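Here the structure is laid out as structure tokens; the discussion comes afterwards.
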Amino acid sequence: MLFATWLAQTRNLAPSSVSSYIAAVRSWHIDLGAPDPTSGATRLARLLRGIRRSRTSPTLIRLPITNRLMLVLQAALAVPLFDHIMFWAACCTAFFGFLRVSEFTCSGVFVPGRHLGFDDIDWDAAGHYRLFLHTSKTDPFHHGCTILLGPSGRQVCPVAAMSRYLAIRGSTPGPLFICANGTPLSPSMVNA
């Protein structure tokens, strides 16, 4: 128990490493023909469990997405590349539509009834666009919901971003947000 405590506190080893060291000591004793020092050691098991609990991984701090952060992102995506224009349209849509990453990205193979596709966007005469979400975390019965997005009249505008993106994307069916190489926008691309 003193050795395990020393490894955790003084050497600052991870709980899995402390358990590995204890297993090595146990194996060494058994190989020498000595009795297993960890047999019936309930206090050692509790100590190892306490070390694991005290070493929780640091929680990821996520800053709120604000208009100022959107302006920084817009400046970073100022080069008129296809992927930059697509990503900016996706970010504006997510920001103004209060979307979760899973609601506008495609993990794995595109499934039309599950992922946001080109056919799920509809424009009206007033310059607004509607997105139909097939599934959502807040829609447990999978009825789907429609989100209306209009022009903001500001530098960060979902209508302007989406119009610019759709002008270069074309009207081919499939995922709404696709990269220049044809792959759909995935959650890992957004979270990177």
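Quick check: net charge around TYR129, other residues with Cβ under 14 Å of its Cβ, Lys/Arg +1 and Asp/Glu -1? Before the final figure, lay out each step's value.
On the way: positive: ARG130, ARG164, ARG169; negative: ASP119, ASP120, ASP122, ASP124.
Neighbourhood net charge equals -1.
The modelled label-to-label distance for the pair ASP36/PHE82, using points 7 Å beyond Cα in the direction of Cβ, is 6.1 nm. Peptides 158-169, 31-42 ranked from most to least packed give 158-169, 31-42, packing being the mean of other C-beta atoms within 10 angstrom over each peptide's residues. Counted residue by residue at 0.36 nm each, then reduced by the alpha carbon distance between them, the extension gain from GLN9 to ALA180 reaches 56.5 nm. Derived value for the chain: Kirkwood hydrodynamic radius 20.7 Å. Basis is the mean of 1/r over every pair of different alpha-carbon atoms.
Using only C-alpha atoms and all pairs of different ones, pull out the Kirkwood radius for region 111-192 in Å with one decimal.
Working: mean 1/r = 0.0713 Å⁻¹.
It works out to 14.0 Å.
GNM on the chain, alpha-carbon springs under 10 angstrom: the most fluctuating residue among GLY153, GLY97, GLY174 is GLY153.
Calculated [222 nm] ellipticity per residue, helices only, for the chain: -13500 deg cm²/dmol; basis is -39500 (n - 2.57) per DSSP H run with n ≥ 4, divided by all residues, nearest 500.
Look at the alpha carbon pairs under 8 Å that are at least 6 residues apart: their mean separation over the length of region 67-191 gives a relative contact order of 31 percent. Does region 64-142 come out rounded, prolate or oblate by the C-alpha gyration tensor, with a ≥ b ≥ c the root eigenvalues, rounded set by a/c under 1.5 and, if not, prolate when a/b is larger than b/c and oblate if not? Judged from the Cα gyration tensor, region 64-142 comes out prolate (a/c at least 1.5, a/b above b/c).
Just so you know, all these numbers are worked out from the coordinates, no wet-lab data involved. Quick caveat: nothing in here was measured; it's all calculated off a predicted structure. Note: ideal-geometry Cβ built from the backbone for every residue, glycine included; neighbour counts use all protein chains shown.
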